[in-house]
1. For residue B:72, indicate whether it is in a loop (DSSP other than H, G, I, E, B) and either basic (Lys, Arg) or surrounded by 12 or more Cβ atoms within 10 Å (Cβ to Cβ) (or both).
2. Filter the stretch B:16-26 for residues that are crowded, with 20+ Cβ neighbours inside 10 Å and closer than 19 Å to residue A:90 by Cβ and give the result.
3. Since residue B:64 meets every condition but one in (1) within 9 Å of another protein chain (Cβ to nearest Cβ); (2) touching a residue at least 60 places away in the same chain (Cβ under 8 Å), which condition does it not meet?
4. So for the stretch A:54-66 (the condition being of a type in the set (A, V, I, L, M, F, W, C), surrounded by 21 or more Cβ atoms within 10 Å (Cβ to Cβ) and within 21 Å of residue B:62 (Cα to Cα)), does at least one residue qualify?
5. Can you tell me which residue within the stretch B:3-35, out of those that are among the polar types (S, T, N, Q) and facing chain A (nearest Cβ under 9 Å), is farthest from residue A:77 (Cα to Cα)?
6. Return the residues of the stretch A:96-111 that are surrounded by fewer than 23 Cβ atoms within 10 Å (Cβ to Cβ) and either at the interface with chain B (Cβ under 10 Å from one of its Cβ atoms) or part of a helix (DSSP H, G or I) (or both); say none if nothing qualifies.
7. Determine if the stretch A:68-79 includes at least one residue that is modelled with pLDDT under 95 and aliphatic (A, V, I, L, M).
8. If you go through the stretch B:54-75, how many residues are within 18 Å of residue B:8 (Cα to Cα) and out of contact with any Ser or Thr (no Cβ under 6 Å at 6 or more places or on another chain)?
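The values are calculated or read from the model by the stated rules, or taken from the named source; none is laboratory data. Values in this document were obtained by computation on a predicted structure and should not be read as measured data. Here the Cβ positions follow ideal geometry from the backbone for every residue, glycine too, while neighbour counts run over all protein chains shown.
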Amino acid sequence: MSTSTVTNKKLHDGSKWGNPGPMVYDMSKFGMWLFLGTEILLFAMLFTGYAIYYMKMPEDFHNSAKALSTTFGTINTIILIFSSFTVAWAIECIKKNKVKMMNILLVITILCGVAFLVNKYFEYAHEVHIGNLKLANMQWLGGTGRAVAESAVPSMFFFIYFVLTGIHGLHIIIGLGLLTWVLVKGIKGHFHSGWYTPVEIGGLYWHLVDLIWIYLFPLLYLVA
Amino acid sequence: MAEGKSHFKELLLVFLGLLVLTGITVYVAKNINFGSLALNITVALAIATLKATLVALYFMHLKWESKLIISFAVISIPFLILAIGIMVWDINNKIGLGNYNLQ
């Protein structure tokens, strides 16, 4: 960044938190990794639940998973991997002061996240339509009474499916909020090669969402 | 702050690698049976772990990170396995999956 633009505009470097920018950068990254550790623990416990019930009834999981569309799952996987790539690319751009390119890439990332949610909406609508949500709900309520009357079997697989994808979807929404915030700051011109910590931190969160989906995809869609 | 070096090429290669691995895992799940459900899911999870490693190393910059963050991430992995493994093992072993009604 040339000196003339620096004098015209207030230069953001993160030092308003009382520490020099590079230090804020290192501390923020370590703090974010600690937080991601707790996020991974949250999902690890959900996966543990999955593992326990999978061992209890592998055939049931195997058959229930057939109701899920692998095509939808694969498309969503590719969308998330691509959006992860674009956000990592955005960080490379801002390191070289290419602010406009970074903003474009962030917009693409956000659009990918929205596309993922739209896909998910259609999937959920389909699950509700063919009654799998009801099976999950019956599992939640204890699976007696109505279950016998309607000769339907409560499904632990779909219960876990809705909990896992629901919490993952919540993370997508949070991630989209973070990235939108980063994008707004990017458009305002807060970032340059000396200060892009929020981009990096927001990116880390988005990658975590991708990381978790990488495990959800085979566990939910490919067990069939 | 910035290392000054662009990692774009690595990122692009990793992206393509992830696409290929996604293709492989879908193909394997659809067409190849390794003999048992447990074995099939193990293969799928192994591929997922490979993908996750790529994402963590390159997209999350772990490869170029400071020793503090790298050791934090690496040391956590055995504890994570322990947390999941012990619980699953405990349920499997102590209660006995065959005769305990989890519902």
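1. Values: in a loop (DSSP other than H, G, I, E, B): no; either basic (Lys, Arg) or surrounded by 12 or more Cβ atoms within 10 Å (Cβ to Cβ) (or both): yes.
When the stated conditions are applied, residue B:72 does not pass them.
2. Passing the criteria: only B:18.
3. Against the list (1) within 9 Å of another protein chain (Cβ to nearest Cβ); (2) touching a residue at least 60 places away in the same chain (Cβ under 8 Å), residue B:64 comes up short only on (1).
4. no
5. Going through the stretch B:3-35, the residues among the polar types (S, T, N, Q) turn out to be B:6, B:22, B:25, B:31, B:33.
Checking which are facing chain A (nearest Cβ under 9 Å) leaves us with B:6, B:22, B:25.
Working: B:6: 26, B:22: 8, B:25: 11 Å.
Restricting to residues being among the polar types (S, T, N, Q) and facing chain A (nearest Cβ under 9 Å), the top hit is B:6.
6. In the first step, residues of the stretch A:96-111 are kept if they are surrounded by fewer than 23 Cβ atoms within 10 Å (Cβ to Cβ); the result is A:96-101, A:103-104, A:107-108, A:110-111.
Listed by number, the residues that qualify are A:96, A:97, A:99, A:100, A:101, A:103, A:104, A:107, A:108, A:110, A:111.
7. yes
8. Keep residues of the stretch B:54-75 that are within 18 Å of residue B:8 (Cα to Cα), which gives B:54-65.
Checking which are out of contact with any Ser or Thr (no Cβ under 6 Å at 6 or more places or on another chain) leaves us with B:54-58, B:60-65.
Final tally of qualifying residues: 11.
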